[in-house]
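The values are calculated or read from the model by the stated rules, or taken from the named source; none is laboratory data. In this text the structure is predicted, and so the values were computed from the model without any measurement. Here the Cβ is made from the backbone with ideal geometry for all residues, glycine too, and neighbour counts use every protein chain on show.
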Amino acid sequence: MKKYEIGLIGLSVMGQNLALNIARNHSIAVYNRTESKTRAFMKDKVKNQDLKAAYELEDFVASLEKPRKIMLMIKAGKPVDLVIDSLLPYLEAGDIIIDGGNSHFDDTNRRLNNLKEKDIRYLGVGISGGEYGALHGPSIMPGGNEEAYAEVSEIMEDAAARTEKGACVSYLGPNSAGHYVKMVHNGIEYGIMEVLAEIYDYMRKVLQLKPEEMGDIFAEWNQEFDSYLVEITAKIMKKDDPKTGRKLIDLILDKAKHKGTGKWSVQSALDLGTAIPTINAGVNARLMSAIKSERVENAAQFADDTRAVVSKDEMLPVLKSALYFASVIAYTEGFKLLKTASEEYNYQLNYKEIARIWEDGCIIRSGLLEPIQAAFADDMQLKTLITAHQFKAQLNAAAEEIEKIITTAAQSGLPLTAVHSALDYFNSLKSEELPANLIQAQRDFFGAHTYQRRDEDGIFHTEWE
Ligand SMILES: NC(=O)c1ccc[n+]([C@@H]2O[C@H](COP(=O)([O-])OP(=O)(O)OC[C@H]3O[C@@H](n4cnc5c(N)ncnc54)[C@H](OP(=O)(O)O)[C@@H]3O)[C@@H](O)[C@H]2O)c1
């Protein structure tokens, strides 16, 4: 019986497209819990590829070369455990399970350790780029058993997106390093998406621009930004609704959903004691958007059409600066979180390499990743991107301008959480003096929590009254 190089379980959007991608260069067997989905895939999508469908798990495993390499592209959470359990009776020592879904990094650590006891090697692999990326080349973020990675690296490199610097995949580190980096990638994505949403909101409500016009502006800006998220925002603004002929963006309900990776980034950052306010703003803004009916009720009580009067010609360059500034800060927060996590979990992350594999095949690909790589090439131990010469002067200049949109947004009753958070993050990070002396005094006042002094070593407590 012919043996296939790799097997893939899970034929939903991502799995189908990744299987077709892998099949361009390697033989692959596929399996899905619901048989009808496999049959439809084989009938509608598979043409002459070296791709075999299996309808029983045992046959699926038996059709693979040893050591077996099995990629899971299934719903994150409990299903991954269930599928691993159902595979185990058919696996042998040395076989490799690759979880390509958005699993929580704690789950990946647990699975990796459990499977190590059974001599099954495990890789937690973040895959970005959505449906298009999965088919045409995603950014792939693998972590886990390094020796196992060496055995699948050729398949990963052939499937990944490619720039002139190489394939957008790189072994990132032990244990859950891959899934952690993917989670932070998604966190940065939440931050930049919200920044774009706020700039759009300012354009439509304060500058009173129409979607078509905003589409032109985002497209023009993107000649400089070279950012996937700016590019799709420009295209979204231009899209007509076939039913009504109106712009589709005006017809989409303002209630954002989320699947959890942004929230996990914030939870992990809090656990590690690192602030990521711009990313957090992205998560919070989605939560605020979700309570639409409550917002509608409240709006009726606070009806206010005050709008700051500003010059479009004056404000558009400021909005562009805000987009640059807050995007850089979202990456800055993300890399800071990666650095903290790498030290805490011993991931030994290479930040320059992470920025390189994000240059294509992923949602946060943008022209900013080039200077980020340069900054880490200059100093791999860089504490924060804001001090890198690639960003320092530009951030400072943009920060001075942004004040104009923050005040005029506030005058117009417009929330600008992510842009504001980015500015606060920058201002905090470059402040020699923060008012935490008062916080310490208050803590000591009501809870005898003690404090340190500037003029003397030691721990102090005062009887305040
Ligand atoms: N969609 C994206 O743009 C995107 C981007 C990056 C990463 N991801 C991640 O990639 C993974 C796959 O995403 P997706 O959107 O293609 O699919 P999904 O909707 O997250 O998951 C559906 C797949 O999981 C299988 N599944 C669910 N519960 C199962 C169970 N108890 N036992 C066996 N199989 C089970 C389904 O099989 P049945 O057909 O039998 O129900 C189906 O193949 C997820 O972890 C997702 O978070 C998605």
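General remarks:
- Residues in region 36-58 that are within 16 Å of the ligand (Cβ to nearest atom) and acidic (Asp, Glu): Asp44, Glu56, Glu58.
- Candidate set: region 21-58, residues that are of a type in the set (Gly, Ala, Ser) and part of a loop (DSSP other than H, G, I, E, B); chosen: the one surrounded by the fewest Cβ atoms within 10 Å (Cβ to Cβ): Ser27
- Cβ separations smaller than 6 Å between residues 6+ apart or across chains give the following pairs from region 119-133 residues that are of a type outside the set (D, E, K, R) and at pLDDT 95 or above to residues that are near the ligand (Cβ under 9 Å from one of its atoms) and in a helix (DSSP H, G or I): Gly126/Lys182.
- Residue count, region 236-275 (criterion: among the acidic types (Asp, Glu), more than 25 Å from the chain's Cα centre (by Cα) and part of a helix (DSSP H, G or I)): 1
- Listing of helices (runs of 4 or more DSSP H) fully contained in region 88-168 that carry 3 or more residues being within 11 Å of the ligand (Cβ to nearest atom): 130-136
- Count of residues meeting criterion [part of a loop (DSSP other than H, G, I, E, B) and within 30 Å of Ala388 (Cβ to Cβ)] in region 423-457: 7
- Number of positions in region 371-414 that are of a type in the set (A, V, I, L, M), more than 30 Å from Ala308 (Cβ to Cβ) and part of a helix (DSSP H, G or I): 5
- When Met203, Met193, Met214 are checked against the criterion of being surrounded by 19 or more Cβ atoms within 10 Å (Cβ to Cβ) and without any contact (Cβ under 8 Å) to a residue 24 or more places away in the chain, a single residue qualifies: Met214.
- Residue match in region 65-79 (condition: more than 30 Å from the chain's Cα centre (by Cα), within 16 Å of the ligand (Cβ to nearest atom) and part of a helix (DSSP H, G or I)): no
- Checking Ala388 against (1) surrounded by fewer than 21 Cβ atoms within 10 Å (Cβ to Cβ); (2) out of contact with any Leu (no Cβ under 9 Å at 6 or more places or on another chain); (3) without any contact (Cβ under 8 Å) to a residue 60 or more places away in the chain, the condition it does not meet: (2)
- Some residue of region 7-20 being buried (at least 16 other Cβ atoms within 10 Å of the Cβ), within 30 Å of the chain's Cα centre (by Cα), part of a loop (DSSP other than H, G, I, E, B) and more than 8 Å from the ligand (Cβ to nearest atom): no
- Selection status of Gln267, loosely packed, with under 15 Cβ neighbours inside 10 Å, in contact with a helix residue (DSSP H, G or I) (Cβ under 7 Å, 6 or more places away or on another chain) and at pLDDT 95 or above: no
- In region 127-152, residue farthest from the chain's Cα centre (by Cα) [restricted to those that are hydroxyl-bearing (Ser, Thr, Tyr) and crowded, with 16+ Cβ neighbours inside 10 Å]: Tyr149
- Taken over region 393-432, the criterion of being over 23 Å from Ala275 (Cβ atoms) and either aliphatic (A, V, I, L, M) or not assigned by TED's automatic domain parsing to the domain that holds Ala299 (or both) is satisfied by Ala393, Ala397, Leu414.
- Of all residues in region 169-183, exactly one satisfies the criterion of being within 14 Å of the ligand (Cβ to nearest atom) and β-branched (Val, Ile, Thr), namely Val181.
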